[in-house]
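Bear in mind these aren't lab numbers, they're just calculated from the coordinates by the rules spelled out. What you are looking at is a predicted structure, and each value in this text was computed from that prediction instead of being measured. Methodologically, a virtual Cβ is constructed for each residue, glycine included, from the backbone with ideal geometry; neighbour enumeration extends over all protein chains shown.
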Amino acid sequence: MANKVIAGDYNGFLVSNSFGSLYIASGWHPVQLDKNNIESYELITDEHRKSAASGVTRGLVGGALLGPVGLLAGGLSAKSKGTYQIAIQFKDGKKSLIEVDDKIYKALIKKLF
């Protein structure tokens, strides 16, 4: 999963976290993702819910191989994807929809708190 802008202004540019700074790598002038540039943001989706399908699949495979114990173990081993889509309204009027992983999401929330 690439951390990137998936819609709006800066579409296609990568979202990076380097030396404690979050930014959209938009050529020579990276756009900082912090309180100085962001007016507001909204969490659109978090993909943790979609990991249930992984749990069902793992449970069925575990059940087929090891019976009821395998069914339970497989269901509990579902992995959480940790993918977030966030709508960002910049102070200059631009808007972006970004898709990021857990690490970038947590860093962004800390920067904007």
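For Ile6, which sequence-distant residues (separation of 5 or more, or a different chain) have an amide H within less than 5 Å of its own amide H, given hydrogens modelled in the peptide plane?
Gly12, Leu97, Ile98, Glu99
Please list 98-104, 3-9 highest first by mean number of surrounding beta-carbon atoms within 10 Å per residue.
So the order, starting with the most tightly packed, is 98-104, 3-9.
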